[in-house]
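In what follows, a structure is listed as structure tokens, so that the remarks can point back to it.
The values are calculated or read from the model by the stated rules, or taken from the named source; none is laboratory data. It should be emphasised that the depicted structure is a prediction, and the values quoted were computed from it without experimental measurement. Positions of Cβ are generated from backbone atoms using ideal geometry, with glycine treated the same way; all protein chains shown enter the neighbour counts.
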Amino acid sequence: MTTSKPAAPGIDFPGVGCGLAILRDNQILLCRRLKAPEQGHWTITGGKVDMMEDSRSAARREGVEESGLAIGDAIDFLCVSEHVLDADRQHWISLIYVTRDTHGDPLETEPDKLADIGWYDLDALPAPLSRFAADAIAALRTQSLLG
């Protein structure tokens, strides 16, 4: 008797993700991914939206979990980002939010997933950026939300 593995979002069907662009003093919080998708790329905080969880709450939850920051309720919708990553065989549609409502210093709270967390000036970003982060930064610039 063989048991089949349950279908995985992003791998077996398009997954629903979320992200949170965290801004402070004209800088954005970025961390480096240690695992696929986009291993080694710099990204904003984010992850998968859980069943029965709204995307805004998921973005806040992921931001807290991944950064160790206290994040308030002032979170606004920023953009949608779609990732079709052939190299990683993954497909995600992500709703991205933005906040300046944070307190504390960022910590590496998930060292098995993320590393090198810190604040970066928008004109001195590390490379390579994840598709997720690049879309968020483009939306921030387009909507004049920097500064």
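Somewhere in region 79-87, is a residue in contact with a His (Cβ under 9 Å, 6 or more places away or on another chain) and of a type in the set (Asp, Glu)?
The answer is yes, given that some residue of region 79-87 is in contact with a His (Cβ under 9 Å, 6 or more places away or on another chain) and of a type in the set (Asp, Glu).
This table checks each residue for (1) of a type outside the set (Asp, Glu); (2) in contact with a strand residue (DSSP E or B) (Cβ under 8 Å, 6 or more places away or on another chain); (3) not in a strand (DSSP E or B).
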position: Gln39; (1), (2), (3): yes, yes, yes
position: Met51; (1), (2), (3): yes, no, yes
position: Ser57; (1), (2), (3): yes, no, yes
position: Glu62; (1), (2), (3): no, yes, yes
position: Asp76; (1), (2), (3): no, yes, no
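Output the number of residues of region 79-112 satisfying the condition of being under 23 Å from Asp54 (Cα atoms) and in contact with a Ser or Thr (Cβ under 6 Å, 6 or more places away or on another chain).
Qualifying residue count, region 79-112: 4.
Just give me the residues in region 89-108 being at pLDDT below 95, surrounded by 15 or more Cβ atoms within 10 Å (Cβ to Cβ) and of a type in the set (D, E, K, R), in sequence order.
Answer for region 89-108, where residues must be at pLDDT below 95, surrounded by 15 or more Cβ atoms within 10 Å (Cβ to Cβ) and of a type in the set (D, E, K, R): just Glu108.
Kindly indicate which of Thr109, Thr45 is of a type in the set (Val, Ile, Thr), closer than 14 Å to Leu20 by Cα and in contact (Cβ under 8 Å) with a residue 12 or more places away in the chain.
It is Thr45.
Farther than 15 Å from Ile28 by Cβ, in contact with a Leu (Cβ under 8 Å, 6 or more places away or on another chain), surrounded by 14 or more Cβ atoms within 10 Å (Cβ to Cβ) and touching a residue at least 40 places away in the same chain (Cβ under 8 Å): is that true of His83 in this structure?
no
Limited to region 61-77, what total is found for residues that are surrounded by 13 or more Cβ atoms within 10 Å (Cβ to Cβ), under 16 Å from Arg24 (Cα atoms) and in contact (Cβ under 8 Å) with a residue 24 or more places away in the chain?
The number of residues fulfilling the criteria is 6.
Kindly list, by first and then second residue, each pair from a residue in region 4-30 that is part of a loop (DSSP other than H, G, I, E, B) to a residue that is at pLDDT 90 or above and of a type in the set (Lys, Arg), limited to pairs with Cβ atoms under 9 Å and residues at least 6 apart or on different chains.
Close Cβ pairs (under 9 Å, with a partner that is at pLDDT 90 or above and of a type in the set (Lys, Arg)) amount to Gly10/Lys48; Ile11/Arg89.
Of all residues in region 121-147, count the ones that are surrounded by 15 or more Cβ atoms within 10 Å (Cβ to Cβ) and not in a loop (DSSP other than H, G, I, E, B).
Final tally of qualifying residues: 10.
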